[in-house]
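Right, one structure below, let's go through it.
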Amino acid sequence: MSSQQEQTLVLVKPDGVRRNLIGEVLARIERKGYVVTGLKLVEAERELLEKHYEEHVGKPFFEPLLEFMMSGPIVAARVEGHGVVEGFRSLAGATNPTTAAPGTIRGDLGRDWGAKVIENIVHGSDSVDSAERELAIWFG
Ligand code: RTP
Ligand code: MG
């Protein structure tokens, strides 16, 4: 990684993969000018997801969230660029796709399907520290 570059973890969640949105998500990242420096398709195991979502252990949506994240393959991407952590969160939009702003991934491509947990196509690390922790989990 070049000096002062920043990295983030982006996941295309199982709903995004099922809806054939891998290319759309990666295209938006690339059109913005960020660089994909790692990419893989993963069937995530519970143990990995419990680490990834450790901040949500004990919340009512934790079990449905894990079930959702184990419901199909996930695309994990390491994405690089100055300010990319905040920048990708901005591209992704708000957590709830019903109210996420149009122009964002979740706002343009997501909706409420009546699932037990919010299905919102992508994950992006929420801080530089989270990114470092999560990249270690998904990319070792
Ligand atoms: P993410 O971590 O996946 O990038 O999403 P986020 O920061 O916008 O949202 P966060 O609060 O970290 O929640 C993680 C994921 O859990 C699901 N969720 N469902 N009330 C609910 O049904 C609920 N709350 C959260 C979403 O999939 C959310 O992205
Ligand atoms: Mg989060």
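The values are calculated or read from the model by the stated rules, or taken from the named source; none is laboratory data. From a predicted model like this one, the values you see are computed outputs, not experimental measurements. Positions of Cβ are generated from backbone atoms using ideal geometry, with glycine treated the same way; all protein chains shown enter the neighbour counts.
Listing for the model above:
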item: Residue in segment 23-40 that is over 24 Å from Gly87 (Cβ atoms) and either free of Cβ contacts under 8 Å to residues at least 40 places away in the same chain or not hydroxyl-bearing (Ser, Thr, Tyr) (or both) present; result: no
item: Which listed residue is exposed (fewer than 15 other Cβ atoms within 10 Å of the Cβ), at pLDDT 95 or above and more than 24 Å from Arg133 (Cβ to Cβ), from Gly23, Gly83; result: Gly23
item: Some residue of segment 36-53 being within 14 Å of the chain's Cα centre (by Cα), part of a helix (DSSP H, G or I) and either surrounded by 15 or more Cβ atoms within 10 Å (Cβ to Cβ) or aliphatic (A, V, I, L, M) (or both); result: yes
item: All positions within segment 76-105 that are free of Cβ contacts under 8 Å to residues at least 40 places away in the same chain and part of a loop (DSSP other than H, G, I, E, B); result: Gly93, Ala94, Thr95, Asn96, Pro97, Thr98, Thr99, Ala100, Ala101, Pro102, Gly103, Thr104
item: Output for segment 42-78, where each listed residue is within 13 Å of ligand 1 (Cβ to nearest atom) and among the β-branched types (Val, Ile, Thr); result: Val57, Ile74
item: Unmet criterion (only one of (1) away from ligand 2 (no atom under 12 Å from the Cβ); (2) surrounded by 15 or more Cβ atoms within 10 Å (Cβ to Cβ); (3) small (Gly, Ala, Ser); (4) within 19 Å of Tyr34 (Cβ to Cβ)) for Gly110; result: (4)
